[in-house]
Each structure stands twice: as C-alpha cells, then as structure tokens.
Amino acid sequence: MTLAVQYSYDNIGIRSPHRIMITGGAGFIGSNFVHHWFSAYPNDRVVVLDALTYAGNRKNLASLENNPNFRFVEGNICDRALIDRLLQEEQINTIAHFAAESHVDRSILGPDAFVQTNVVGTFTLLEAFRQYWLAQGQPDHYRFLHVSTDEVYGSLGPHDHAFTEKTPYAPNSPYSASKAGSDHLARAYYHTYGMPTVITNCSNNYGPYHYPEKLIPLMCINALLGKPLPVYGDGQNVRDWLYVLDHCRALDTVIHHGRPGETYNIGGNNEVKNIDLVKILCRIMDELAVHLPIKPSNQLITFVKDRPGHDRRYAIDATKIKTELGWAPLVTVEEGLRQTVGWYLTHRHWWEPLLSEEYQAYYRQVYPS
Ligand code: NAD
Ligand code: DAU
C-alpha cells in the first residue's frame with residue numbers, strides 16, 4: 001500500500017543545492033528525513049552523523065549505501081574534533097540536528113546519557129558550527145535546524161488551549177528537561193551570535209523505522225507475537241499524532257523558508273487518548289494480519305503501572321507554520337496507521353533482530369510481571 005499523497009517541491013528548492021549534515025540520521029525520524037531529502041533533492045550532498053546507539057540502525061539507510069552523494073559517518077555529536085573535520089571536509093551549509101536520546105521511559109531509568117547527548121552534544125554541535133560559519137564569513141543562507149519536541153511545554157489540562165510557540169517551558173521528565181536545555185542553547189546562539197538557527201517543536205510521530213519500544217510499534221509487534229499490550233495507568237493520556245513523512249515535509253519547509261531565530265510548532269491536529277489509539281491499532285491488525293496468535297487482539301490489552309510523572313495531555317497549535325510557511329499535515333490518522341501497521345507486518349526481518357537481549361532486559365525493567 002502506498003500513500004495517496006503527492007509532494008510538490010517546485011516552490012521550495014530555492015536554496016538548493018544543499019550540503020547537509022543530518023545528525024541522528026540512522027534513527028526513526030532522521031532516517032525518514034534522509035529518504036525524504038534524497039527523493040526531493042537527489043543532487044544534494046547528504047552526510048549522516050550517527051553514533052548508532054540502541055536506537056540507531058544502519059539498515060534504515062541500506063538503500064543509499066551506494067549513492068555517491070551519500071556518506072555515513074559513525075560518530076558522536078560530543079566529538080568536537082570529528083565535527084570540525086566533517087564541516088570542513090564536506091563544506092556543510094545546513095545542519096539538521098535529530099540526534100538525541102529520545103525515550104522518556106529510558107530517561108527515567110537513566111538520565112545521564114540524556115544530559116550528555118541532548119545538552120552537551122547539542123552545545124558541541126552549535127559551537128562547532130558557529131566557529132565554522134564565522135570562518136566562512138557568516139553566510140546568511142547557512143542553517144542550523146534544531147529538531148525538538150512538544151514535551152518541553154509540559155502537560156495540558158483537558159480544556160487548556162494547545163501549545164503555541166509562546167507557551168512557557170515546563171518540562172517534566174529528564175528527557176524533556178534535556179531537550180528544553182538544548183532548545184535554549186539553539187535560541188541563544190541566534191540571539192547572541194546571530195547564527196541562523198531555527199527550532200521546531202513537534203508532537204508524537206509514527207511510521208516506518210520506529211524503534212520497537214515506543215507505543216505504536218510495541219503494540220503492533222506484541223499483537224503479532226500474542227503478548228500483552230501494556231497501557232500505562234488509566235489509558236486516558238492524550239497525544240497528538242503526526243505521520244512521520246508529514247513531519248519531514250514540515251522540516252524541509254522550515255529549512256527553506258523558516259526565519260532564523262524563530263520557533264515553529266508542528267502537530268497533526270490529531271488528539272487521541274492512548275486507550276483509543278490502541279483499540280484502533282487492534283482493529284487494523286485484526287483486519288490486515290493474515291495470522292494473529294490471539295484474535296481479536298484487543299483481548300491482549302492490559303493496564304499496567306503508570307509511567308512516573310506521566311504527562312496527561314499534549315496538543316499542538318500549528319497555526320504559525322500554517323499561516324507563515326503554508327505547511328499542513330496531509331495524512332489522516334486512519335490512513336497513516338494503516339500504512340504503519342502494514343509496514344510492521346511486512347518488515348518482520350527489520351524488527352525481529354531488534355528484540356535483542358538488551359531489549360528484553362529493558363522490557364523486564366519497564367514491565368515487571
Ligand atoms: P531515535 O531515538 O529513533 O533516534 C535517535 C538517533 O540519534 C539514533 O540513530 C541514535 O543512534 C542517534 N544518537 C543518539 N545519541 C547520539 C550521539 N551522542 N551522537 C550521535 N548520534 C546519536 O529518535 P527519533 O524518535 O527519531 O527522534 C529524533 C529527534 O526528534 C529527537 O531529537 C527527538 O527529541 C525529536 N522528536 C521526536 C519525536 C517522536 O515522536 N519520536 C517527536 C518530536 C521530536
Ligand atoms: O511528544 C513527542 C514525544 O513523543 C517525543 O519527544 C519523544 O521522543 C517520543 O518518544 C514520544 O514520547 P512519548 O513518551 O509520548 O512516546 P511513547 O511512545 O513512549 O508513549 C506514547 C504514550 O503511550 C505515552 O502517553 C505513554 C503511553 N505508553 C507508552 C508505552 C511505551 C503506554 O501506555 N504503554 C507503553 O507501553
């Protein structure tokens with residue numbers, strides 16, 4: 001099944017060709033963005049810098065390995081010498097910075113890596129890019145896109161207005177606090193040095209290449225294996241879901257048209273309670289999967305102990321990016337979820353090897369039986 005969405009790049013290629021460094025490009029959103037970028041701008045130079053943590057997977061980029069415009073570098077965003085060398089060697093003019101520790105549950109178990117990568121790593125990258133940009137004569141078409149999250153705004157009550165770019169920061173988990181720190185640094189580099197940074201704060205993404213421990217892939221994979229579908233707390237927490245390729249289109253638009261120093265919120269306008277989302281997934285699984293160990297799969301839904309400090313509701317007001325830059329999501333939740341379930345059904349060879357001993361150990365910690 002392919003999505004019935006036609007992308008048009010006719011009016012947004014104005015600053016191409018780019019020589020773009022994509023950090024975290026072997027992760028979920030980063031790898032989708034790399035594929036998006038190559039399909040839109042096949043002649044651009046793309047350098048992926050990724051440390052290949054548990055969440056990074058080189059197989060996500062396998063189809064590009066022989067592309068002469070593509071280079072993969074295994075390395076850490078905290079490694080200043082490496083970044084200096086790559087910026088020079090590749091004459092980078094754009095950074096799209098995705099690399100991060102991204103999972104709230106892991107940040108609760110061990111926050112250290114979150115501060116290191118998300119705060120220190122982002123700082124290292126910003127400072128390296130600043131020195132390089134200065135040495136190049138401060139070209140105004142250079143861009144540093146800092147990809148961030150709606151979680152920096154904290155938690156909404158049921159009747160609160162959705163997050164706007166002016167909502168005060170109130171991060172509640174070590175993950176969101178570390179992302180908030182990195183956002184402040186990116187903002188400060190524009191205000192202090194005039195470096196052309198742009199920040200985006202996006203809601204929950206879903207789609208292909210999503211690591212198995214996040215909600216949507218976890219539910220698909222557990223249903224296929226006949227394992228319990230663990231819903232935290234009362235299942236009434238609300239998230240605003242966005243199909244990952246809609247996010248990639250938004251980031252592309254921000255790179256080309258976003259104003260330096262600005263923040264743009266990106267969201268799907270798709271608020272769904274977790275329990276309702278899981279039930280939708282079960283319905284689609286029952287319909288699309290040829291064989292399921294337990295059917296209907298909603299029998300597997302199990303309420304488990306809540307996540308500590310679990311934010312109740314996120315919702316994004318994406319008016320600014322829509323009115324200023326003309327971006328809006330194109331994929332409905334039903335269409336995107338069907339596409340995603342279909343992908344996990346046909347990509348067992350992708351996810352099965354990821355259910356490693358490390359994954360099982362993590363799983364036992366988060367879901368003690
Ligand atoms: P992910 O965990 O799937 O991927 C992160 C990638 O970064 C991995 O490939 C990993 O190997 C790499 N990485 C981690 N530490 C690194 C380091 N020190 N140096 C170099 N590479 C490193 O994450 P994701 O879900 O794709 O999220 C990407 C970005 O988007 C993150 O900054 C996240 O905060 C943000 N974001 C995610 C969502 C979402 O729903 N997933 C929503 C909004 C914003
Ligand atoms: O809002 C954007 C954020 O979305 C990103 O910044 C993060 O990088 C990304 O991981 C995601 O964070 P969440 O914590 O919202 O995603 P997760 O998939 O872990 O959980 C989604 C919701 O589902 C959340 O309310 C917790 C709940 N949940 C999750 C898991 C893994 C469950 O009920 N059961 C589960 O087993």
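Using the alpha-carbon atoms, what tilt in degrees (0 to 90, nearest 10) does helix 174-193 show relative to the longest principal axis of the chain?
20
First obtain the Kirkwood hydrodynamic radius of the stretch 183-238 from its Cα pairs, then insert it into the Stokes-Einstein equation at 37 °C and 0.692 mPa s, and state the resulting D in µm² per second as a whole number.
Numbers: Rh = 14.7 Å.
Rounded to a whole number, D works out at 224 µm²/s.
Mind ordering 236-246, 184-194 by average Cβ neighbours within 10 Å, highest first?
236-246, 184-194
Any chance you could give the angle, 0 to 90 degrees and rounded to 10, that helix 333-346 forms with the longest Cα principal axis of the chain?
80
Could you tell me how many degrees, from 0 to 90 and to the nearest 10, lie between the Cα long axis of helix 80-90 and the main elongation axis, the longest principal axis, of the Cα atoms of the chain?
The angle comes out at about 70 degrees.
With the full set of protein chains in place, find how many percent of the accessible area of the chain is carbon and sulfur; take the probe as 1.4 Å. Display every interim value, and only then the final one.
On the way: 7840 of 15050 Å².
Heavy-atom surface of the chain belonging to carbon and sulfur, 1.4 Å probe: 52 percent.
Starting from 0 in steps of 20 Å, tell me what percent of the Cα-Cα pairs of the chain lands in each bin.
With a bin width of 20 Å, the distribution comes to 29, 61, 10, 0.
Using 7 Å Cα-to-Cβ label points, what is the Gln116/His291 separation (nm, one decimal)?
4.3
Across all directions of projection, what mean area in square nanometres is found for the Cα convex hull of the stretch 109-204? Please report the intermediate quantities before stating the final value.
Numbers: hull surface 28.0 nm².
Orientation-averaged projected area of the Cα hull: 7.0 nm².
Collect residues whose amide H, placed 1.01 Å from N in the peptide plane, falls under 5 Å from the amide H of Val231; neighbours closer than 5 in sequence don't count.
Thr302, Phe303, Val304
Using alpha carbons only, how many angstrom separate the centre of the stretch 127-204 from the centre of the stretch 259-329?
Spelled out, the Cα-based centre of one part sits 23 Å from the other.
Hey, what's the chain come to in accessible area per residue, 1.4 Å probe, Å²?
Values: 15050 Å² over 369 residues.
Result: 41 Å² per residue.
Give the cross-link partners of Lys227 among the lysines, using a straight C-alpha distance below 27 Å as the criterion and excluding same-chain residues fewer than 8 apart.
Lys59, Lys214, Lys273, Lys279, Lys295, Lys305
The values are calculated or read from the model by the stated rules, or taken from the named source; none is laboratory data. What you are looking at is a predicted structure, and each value in this text was computed from that prediction instead of being measured. When we count neighbours, we look across all protein chains shown, and the Cβ atoms used for this are built from the backbone with ideal geometry, even at glycine. Accessible surface areas use protein heavy atoms only, side chains included; no ligands, DNA or RNA. Shrake-Rupley method; radii C 1.70, N 1.55, O 1.52, S 1.80 Å.
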